[in-house]
Structures are given as structure tokens and as C-alpha cells.
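Encoded as C-alpha cells, the structure appears first; notes follow it.
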Amino acid sequence: MTGGTSGVAGVRRRVRKIDTEDIIRVGRAIGLRQLSLNAVAAELGVSTTALYRHVDGRWGLELVVGESLLGDLVLHDDPEHDIERHLLSFGLQLRAFVLAHAGLGTYMQTLFPRGEAGQRLMVSEVEALVRRGYTPDVAVALASAVASAAINFAVAEEAQLERISGLRQQRDDVAERLSTDERLGEAHRDLPEFDHEGFSTMVLTATIRGLLAVGPVGRPLHEVVADLGSTGMGLR
């Protein structure tokens with residue numbers, strides 16, 4: 001009897017040991033769009049309870065994976081670029097990186113910066129604008145506005161790519177309907193065609209020029225905000 005009891009005890013399942021690096025590795029492979037505690041736990045062969053020893057629930061899981069991805073982004077700053085060209089380059093670099101990592105845009109839209117990697121990116125961009133004459137507070141405002149626009153473009157484009165099947169036909173149908181509209185037809189036919197990057201570049205450029213017009217170097221942030229606020233009030 002004693003030997004039998006010892007045998008049962010001897011076959012107890014050994015708990016697999018994992019660490020945060022294991023979670024990050026598997027989380028990156030799954031991707032932020034499909035990321036979940038259950039998916040990571042299944043891939044690692046552990047229970048979700050085991051993950052809670054290393055991350056604080058869903059938010060903590062997103063944090064370690066998202067910040068790991070952002071840690072790979074290095075923003076290139078050409079010292080020859082003026083402020084407009086610099087901000088456009090910043091926006092396009094950010095858009096391209098977000099598109100290369102499904103779900104990262106939504107992660108950044110929800111809350112940014114969440115961790116050290118995001119904070120490092122923000123500091124890097126603010127310092128680039130300070131070198132071009134801006135005060136840190138206005139630099140933060142400009143960088144945040146351009147980053148938000150670039151990320152929003154990327155998220156919208158990502159959503160379209162997920163439904164790429166049949167999209168071309170749908171676009172052709174819409175274009176045909178607009179071309180025969182007596183109010184929109186002529187104007188629509190004269191519009192140039194843009195791919196996603198071209199359209200993003202055009203609208204980002206317009207956005208940046210508007211920001212720089214209201215927020216030139218040397219203007220205090222409170223005046224910039226007051227100017228934008230008064231303009232918005234006039235449109236109500």
C-alpha cells in the first residue's frame with residue numbers, strides 16, 4: 001500500500017517554469033490584434049494563473065508586448081530637414097511602423113505613452129523639435145497631434161486591409177455612382193488618384209502646415225490653444 005501511494009505522488013505533474021521574456025516572445029508572435037491571456041497561456045502550455053505571476057492581467061500583457069514592439073522603433077531625424085519636413089517624416093515613419101505590426105495602432109490610440117519605450121519615443125521627438133527652436137510644451141503638443149493623425153491613418157488602413165477581398169469592386173461601384181451624380185460627377189472625375197501612402201502624405205502635410213501656422217516657433221502654448229479654441233467656437 002505504501003509503495004502504491006508513493007507511486008501516485010511520484011507522477012505529479014511538474015509545473016512548467018516561465019518568465020516575462022517567454023510571455024513577450026509568444027505575445028509578439030501572436031500579435032497585439034490577437035493577443036489574449038488564453039492565447040499566450042495555451043502557446044506556453046501553462047494556465048492563465050501562471051501568467052498573473054508575471055503580468056497584471058490583460059492590461060499588463062498588452063503593456064509588456066506593446067512596449068517590446070515600440071522598443072524596435074528608431075526614429076530617424078535628418079538635421080537638414082526644416083520643421084515641416086521633419087514632422088512629415090516623423091508622421092510617415094510612425095505610420096509605416098504601425099502598419100507593420102497589426103494591433104499596435106489601437107494599442108497606442110488607447111493610451112500613449114503607457115511605458116518606457118513609448119516615453120522614449122516621445123522624448124526623442126520632443127528633443128528634435130526643441131533643437132529646431134520650440135519650447136518643450138509646444139513640442140509635445142505638435143508631436144502628439146502629428147502622431148495621432150499618423151496612427152489614425154494607419155489604423156483605418158489596417159481595417160481596410162483586413163477586408164481586402166472585394167474591396168476593389170466596391171470602390172469601382174462607388175466611383176461609378178459618383179461619376180454619374182449631377183452634383184459630384186465633374187468634380188469627382190477631376191480628382192487625382194492616390195494610394196494609401198500618397199493620401200496620408202497629402203493630409204499629414206496639410207495638417208502640419210495648419211499646426212505650424214497657428215504654432216510658429218516662439219509662440220507660447222496657451223496662445224496656440226486659445227487660438228485653436230476660439231476658431232472652434234466660431235464653427236459652432
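The values are calculated or read from the model by the stated rules, or taken from the named source; none is laboratory data. All figures in this text were calculated on a predicted structure; none of them were measured in a lab. Here the Cβ positions follow ideal geometry from the backbone for every residue, glycine too, while neighbour counts run over all protein chains shown. Surface accessibility is based on the protein's heavy atoms, side chains included, excluding ligands, DNA and RNA. Shrake-Rupley method; radii C 1.70, N 1.55, O 1.52, S 1.80 Å.
At 1.4 Å probe size, with the rest of the protein present, what percent of the exposed accessible area of segment 51-146 is carbon and sulfur atoms? Carbon plus sulfur share of accessible area: 57 percent. Summing Lys and Arg as +1 and Asp and Glu as -1 over all other residues whose Cβ lies under 12 Å from the Cβ of Gly71 gives a net charge of -1. On a per residue basis, segment 19-117 carries 50 Å² of accessible surface, using protein heavy atoms and a 1.4 Å probe.
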